[in-house]
Amino acid sequence: MTTTGIAIGAFLAFMAAQHGFGGFLLAVIFMAVGAVIGRAATGKLDLRGVGEALIGKSTTTSD
């Protein structure tokens, strides 16, 4: 499923690439988003855990 997400992102990126360097940057973004969506769809990526990591929530305890 990750490969499918990357392929979809690459297709959208190709369409955006027709607009120069900005299109290239958009290609990188689309491919990354496609990969993340693919990983989340297969359950290989815990989006809740990623969100908590980004905002700094910690579930570990110290002794």
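Any read-out appearing in this document is the output of simple, stated calculations on the displayed coordinates, not a laboratory observation. Computed from a prediction, not measured in an experiment: that's the story for all the values here. We place every Cβ from the backbone using ideal geometry, glycine too, and count neighbours over all the protein chains shown.
Going from the residue with the fewest nearby Cβ atoms within 10 Å to the one with the most, M31, M1 rank M1, M31. Compared with the dominant principal axis of the Cα atoms in the chain, helix 2-16 is inclined by about 40°. Among (1) 33, 11, 9; (2) 16, 14, 10; (3) 31, 15, 6, only one was calculated for this model; which label is it, if the read-out is semi-axes √(5λ) of the Cα gyration tensor in Å? So the structure-derived entry is (3). Here is the list for the chain: trypsin sites (Lys or Arg not before Pro) lying in DSSP coil, each with at most 13 other C-beta atoms within 10 angstrom of its C-beta, are K44, K57.
Sorting L47, L54 on the 10 Å Cβ count, fewest up front, what's the list? Before the final figure, lay out each step's value.
On the way: L47 11, L54 8.
Fewest-to-most Cβ neighbours within 10 Å comes out as L54, L47.
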